[in-house]
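Working notes, beginning with the structure itself.
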Amino acid sequence: MNEVGAGRVADGEKPVVVAPKPVSEPEFIASPPALVPIVLLLLAVVTVAGGGALVRHFGGTTYPIAYTAAVLAIVTLPLLLIGRWRERKQGRSRLLLVCPRRRWTFFAVFVFFLALYGVTRFGPTPFYEPSVQAVAFLHGHSWVDAPGYMEQVGPICNSRLPIAKEALPECDFTRFDGHTFLVHPPLAAIMMMPFVAAHGRVVDGADRYQPSVSVLMGAVEVALAWRLLALLGLSTSASLWLTAFFGVGTTLWYEATLGASWDFVLVTSLLPTLLALNEVFGKARPWVVGVFAALAALARNDLVLAWPAYCLLLLVRGRRLRELFGLLPGLAMAGVVYGVFNYTRYGTFFDRSLWLWYRCCDGSGYFNPAFHRAIPGPFSVHFLPTNIYTLFFLGWGLNSSFPWIRPLGAGQALLLTSPAFILTLRPSLKSSVTLLMWMASILTMAASLTVYASGFTQFGPRYYVQIFPFLLILIALGAGRHLDQMARILILLSVIIVAFGVWQIHTIGFG
């Protein structure tokens with residue numbers, strides 16, 4: 001192996017090794033012990049039974065998505081136990097259904113987090129813009145019929161609109177024939193289309209089932225994180241620790257279980273990003289990476305800035321320069337889909353949503369005197385200090401009553417919610433993979449660092465959830481095949497802090 005993530009590892013410890021050429025899954029992923037999927041499925045059942053009872057005791061609701069996880073676990077457990085018995089008697093490495101242990105473990109990770117996220121799911125959300133947009137798509141148009149409180153560009157977007165029309169000609173929305181458009185990119189709505197279609201192509205009930213879809217995606221993403229860590233060559237123990245960190249030691253837990261519009265969009269963006277990274281560190285097929293990278297950009301616009309990093313990663317993984325042309329169909333597809341989506345709304349292939357929202361509709365935007373009407377667009381270096389403060393320094397609130405420390409609605413700094421992210425500084429910058437992960441992280445942070453809003457009501461710095469997969473790889477590269485005691489302490493601390501925040505928001509609310 002000639003490409004390594006050489007972090008600060010203990011004496012005699014092997015560093016994480018990234019295969020220098022594309023590999024198939026069986027070639028590189030180590031097989032975890034047979035007890036791992038069994039224990040995870042048992043934990044899923046216990047989580048739904050015990051956690052669900054506790055939630056109901058305190059007046060909460062256990063949603064069907066949690067019971068679905070329990071049923072999956074109960075059905076699967078006998079198969080694994082029989083497979084374990086056959087393995088011990090006959091010496092076979094496969095369990096049942098011709099599936100190796102690594103795939104059963106992937107499934108078990110998914111089921112466990114489906115159970116955990118399902119039990120800790122928040123209630124119905126009034127913010128279900130992806131479902132509203134999905135209804136519009138299913139009826140063959142891009143304009144929406146949305147409640148007035150949702151972020152939208154249209155005739156009722158804000159009480160300041162009459163003033164905006166006089167000052168800014170582009171705020172005369174009569175040219176849109178009275179139609180209203182939402183501000184989010186299209187992928188989240190596309191993901192909701194099958195679920196909305198199953199509910200009769202109407203938005204009724206979306207406030208209840210959209211959070212469950214978010215829970216489902218979040219569980220899949222944690223399982224993909226598990227697989228990604230295995231592809232990076234970590235031991236089973238290290239992979240379990242870092243998977244736990246990704247799933248319950250970061251604010252992905254909160255975002256996936258809340259499922260409101262902004263959170264749903266962020267959770268949606270993680271899915272294609274994780275799929276792209278799994279492919280990069282697996283078979284490294286350019287056309288597959290291109291499709292998933294394109295889908296990620298259709299979920300969050302700023303993820304288009306990660307495309308150069310994917311190109312360079314494929315070169316590091318042994319692909320030739322001419323093979324990178326395989327990326328183009330997927331990337332072109334994203335451009336066409338997004339361009340058509342914008343043209344049907346604004347008559348241009350460029351997205352005008354955020355600019356029109358900022359200048360014409362949002363009371364905290366262009367017409368806020370604090371901005372002196374000198375900042376014409378939603379992105380500016382003027383907003384950099386506020387966003388840097390939110391990302392690195394914003395603390396928790398203090399209260400005179402129990403539990404005395406409260407999460408602020410404005411958010412908390414990244415390291416004050418997930419201190420284990422400090423481990424991203426461990427891998428050596430001599431590794432090209434390390435440099436490219438930092439490149440992807442910094443480029444995709446750029447828009448969030450310069451946007452006029454720092455996240456509004458949020459737990460942690462919400463806008464940076466989309467870079468968590470890149471940061472997870474950096475932690476893995478610097479960890480060694482087995483995590484040291486400091487890494488485990490930081491992961492445990494992260495889990496405690498995030499669990500504390502999720503519990504407080506559920507029971508008390510923000511400080």
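The values are calculated or read from the model by the stated rules, or taken from the named source; none is laboratory data. None of these values were measured; they are calculated from a predicted model. Glycine also receives a Cβ, built like all others from the backbone with ideal geometry; neighbour counts cover every protein chain displayed.
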- [ ] Please name all residue pairs, on different chains or six or more residues apart, with Cβ atoms under 9 Å, provided the first residue is in the stretch 422-435 and is closer than 23 Å to residue 250 by Cα and part of a helix (DSSP H, G or I) and the second residue is modelled with pLDDT of 95 or more and among the small types (Gly, Ala, Ser).
- [x] 423/487; 424/441
Task: Pick from the stretch 234-251, criterion in a loop (DSSP other than H, G, I, E, B) and touching a Phe, Trp or Tyr at 6+ places or on another chain (Cβ under 7 Å), ranking: farthest from residue 496 (Cα to Cα) - done: 251
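When the residues of the stretch 48-76 are narrowed to those that are under 23 Å from the mean Cα position of the chain (by Cα) and assigned to a helix (DSSP H, G or I), which ends up surrounded by the fewest Cβ atoms within 10 Å (Cβ to Cβ)?
Step by step, filter the stretch 48-76, then rank; the result is 64.
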Open item on the list: Tell me yes or no: at least one residue of the stretch 279-286 is more than 26 Å from residue 319 (Cβ to Cβ) and of a type in the set (Val, Ile, Thr).
Closed with: no
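From the list 312, 298, 328, which one is in a helix (DSSP H, G or I), at pLDDT 95 or above, within 18 Å of residue 433 (Cβ to Cβ) and of a type in the set (A, V, I, L, M, F, W, C)? Show your work before the answer.
Working: 298 fails: within 18 Å of residue 433 (Cβ to Cβ); 328 fails: within 18 Å of residue 433 (Cβ to Cβ).
Exactly one of 312, 298, 328 is in a helix (DSSP H, G or I), at pLDDT 95 or above, within 18 Å of residue 433 (Cβ to Cβ) and of a type in the set (A, V, I, L, M, F, W, C), namely 312.
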Task: Failed item, numbered, when residue 243 is tested on (1) touching a Lys or Arg at 6+ places or on another chain (Cβ under 7 Å); (2) crowded, with 22+ Cβ neighbours inside 10 Å - done: (1)
- [ ] Kindly indicate whether residue 284 is of a type in the set (A, V, I, L, M), in a helix (DSSP H, G or I) and in contact (Cβ under 8 Å) with a residue 12 or more places away in the chain.
- [x] no
Open item on the list: One residue is enough: does the stretch 116-127 have a residue meeting the conditions closer than 25 Å to residue 248 by Cβ, within 18 Å of the chain's Cα centre (by Cα) and among the aliphatic types (A, V, I, L, M)?
Closed with: yes
Task: Answer residue from the stretch 175-210, given it is charged (D, E, K, R) and either touching a Cys at 6+ places or on another chain (Cβ under 9 Å) or modelled with pLDDT of 90 or more (or both) and is nearest to residue 143 (Cα to Cα) among those - done: 201
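Across the stretch 110-136, what is the number of residues that are assigned to a loop (DSSP other than H, G, I, E, B) and either closer than 17 Å to residue 199 by Cα or of a type outside the set (Gly, Ala, Ser) (or both)?
From the stretch 110-136, those assigned to a loop (DSSP other than H, G, I, E, B) are 120-128; that's our starting set.
Pick out the ones that are also either closer than 17 Å to residue 199 by Cα or of a type outside the set (Gly, Ala, Ser) (or both) and you get 120-122, 124-128.
Count: 8.
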TODO: Could you tell me which of the residues 348, 273 is at pLDDT 95 or above and either among the hydroxyl-bearing types (Ser, Thr, Tyr) or closer than 17 Å to residue 189 by Cα (or both)?
DONE: 273
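On the basis of being more than 20 Å from the chain's Cα centre (by Cα) and in a loop (DSSP other than H, G, I, E, B), does residue 509 make the cut?
Yes.
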Task: Scan of the stretch 289-320 for residues that are touching a residue at least 12 places away in the same chain (Cβ under 8 Å) and more than 25 Å from residue 448 (Cβ to Cβ), ordered by number - done: 314, 316, 317, 318, 319
TODO: Within the stretch 146-189, track down each residue that is of a type in the set (Val, Ile, Thr) and more than 16 Å from residue 352 (Cβ to Cβ).
DONE: 156, 163
TODO: Name the single residue, out of those in the stretch 30-59 being of a type in the set (Gly, Ala, Ser) and at pLDDT below 90, that is nearest to residue 282 (Cα to Cα).
DONE: 30
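Could you tell me whether any residue of the stretch 461-472 is under 26 Å from residue 237 (Cα atoms), assigned to a loop (DSSP other than H, G, I, E, B) and either at pLDDT 95 or above or aliphatic (A, V, I, L, M) (or both)?
There is no residue in the stretch 461-472 that is under 26 Å from residue 237 (Cα atoms), assigned to a loop (DSSP other than H, G, I, E, B) and either at pLDDT 95 or above or aliphatic (A, V, I, L, M) (or both).
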Task: Residue that is surrounded by the most Cβ atoms within 10 Å (Cβ to Cβ), among those in the stretch 415-453 that are under 18 Å from the mean Cα position of the chain (by Cα) and among the aromatic types (Phe, Trp, Tyr) - done: 421
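Could you tell me which residue of the stretch 137-164 is surrounded by the most Cβ atoms within 10 Å (Cβ to Cβ), considering only residues that are in a helix (DSSP H, G or I) and in contact (Cβ under 8 Å) with a residue 24 or more places away in the chain? Lay out the reasoning, then the answer.
From the stretch 137-164, those in a helix (DSSP H, G or I) are 137-138, 161-164; that's our starting set.
Filter once more, keeping what is in contact (Cβ under 8 Å) with a residue 24 or more places away in the chain: 137-138, 161, 163-164.
Working: 137: 19, 138: 17, 161: 17, 163: 13, 164: 22.
That would be 164.
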Task: Residue in the stretch 454-461 that is crowded, with 18+ Cβ neighbours inside 10 Å and closer than 13 Å to residue 242 by Cβ present - done: no
TODO: Output the number of the condition that residue 343 fails; it satisfies all remaining conditions of (1) assigned to a helix (DSSP H, G or I); (2) touching a helix residue (DSSP H, G or I) at 6+ places or on another chain (Cβ under 8 Å).
DONE: (2)
Open item on the list: The conditions are (1) over 24 Å from the mean Cα position of the chain (by Cα); (2) farther than 26 Å from residue 449 by Cα; (3) modelled with pLDDT of 90 or more, and residue 398 fails exactly one of them. Which is it?
Closed with: (3)
Open item on the list: residue 335 - would you say it is assigned to a helix (DSSP H, G or I), within 23 Å of the chain's Cα centre (by Cα) and buried (at least 17 other Cβ atoms within 10 Å of the Cβ)?
Closed with: no
Open item on the list: Quick check on the stretch 485-504. Is at least one of its residues in contact with an Asp or Glu (Cβ under 9 Å, 6 or more places away or on another chain) and either surrounded by 23 or more Cβ atoms within 10 Å (Cβ to Cβ) or of a type in the set (Asp, Glu) (or both)?
Closed with: no
